[in-house]
1. So in the range 78-95, with the set limited to residues that are closer than 14 Å to His55 by Cβ and assigned to a helix (DSSP H, G or I), which one is least open to solvent (accessible area, probe 1.4 Å)?
2. Name the residues in the range 33-77 that are among the charged types (D, E, K, R) and open to solvent by less than 40 Å² (accessible area, probe 1.4 Å), would you?
3. Taking only the range 107-161 into account, find how many residues are outside any helix (DSSP H, G or I) and more than 30 Å from Arg10 (Cβ to Cβ).
4. Search the range 103-116 for residues being of a type in the set (Gly, Ala, Ser) and within 14 Å of Phe139 (Cβ to Cβ), and hand back the single one that is surrounded by the fewest Cβ atoms within 10 Å (Cβ to Cβ).
5. Within the range 124-147, which residues are over 18 Å from Ala113 (Cβ atoms) and either at pLDDT below 95 or surrounded by 18 or more Cβ atoms within 10 Å (Cβ to Cβ) (or both)?
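The values are calculated or read from the model by the stated rules, or taken from the named source; none is laboratory data. Remember, predicted model here, so these are calculated numbers, not experimental data. Here the Cβ positions follow ideal geometry from the backbone for every residue, glycine too, while neighbour counts run over all protein chains shown. Surface areas here come from the heavy atoms of the whole protein model, side chains and all, with no ligands, DNA or RNA. Shrake-Rupley method; radii C 1.70, N 1.55, O 1.52, S 1.80 Å.
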Amino acid sequence: SNPVPGKRVRDAAWYLTHAALARLATGDTATTRRLADSIEWLGARSMNPRDPLLHHAVRGLLLAHAGHDAAAARVLRRSIQSPTFGLTRVNLELGRLLVRLGRAPEAVPVLRAALRGGIEGGNLYVTRRALHAALAEAFAQAGERDSAHVHAAIVARALAAPHWQAVTYAARTP
């Protein structure tokens with residue numbers, strides 16, 4: 001057995017995770033499952049504490065895709081090595097699942113943690129606007145109207161920015 005050097009294993013697990021998420025976005029669950037198995041194998045050989053957990057993110061999102069929200073939430077929780085510096089796409093998807101499950105108060109700290117991380121590394125794979133929108137929904141469902149309003153206003157300001165106005169105009173223009 002010829003072990004793969006640590007950095008290559010870490011990079012491969014990370015890249016395959018993103019490939020799996022992209023395949024799942026296209027509805028290709030068979031390839032996504034196979035990639036999850038590869039990610040699990042690589043993660044077990046990585047020295048990065050994040051990597052052995054990445055396959056849970058993929059498997060959790062597969063469960064969510066199949067409509068098994070409660071099971072998906074449990075599996076996604078297992079994938080979080082750091083709530084602020086991990087793969088924050090998991091925070092977003094877990095928060096959305098918890099809201100759908102009627103557990104909005106649980107969603108709030110999950111979503112807030114993602115906003116407290118940096119804007120590099122694993123935090124690049126979800127927009128802050130999406131996190132604020134999910135927080136607005138979670139707070140609204142939890143009956144915290146003031147907090148919901150604050151986060152909804154952040155989203156509204158972001159969408160009113162000149163860049164988004166241009167994008168919206170371009171999308172409407174034939």
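1. Result: Val90.
2. Selection gives Asp51, Asp69.
3. 4
4. Across the range 103-116, the extreme among qualifying residues is Ala104.
5. Gln141
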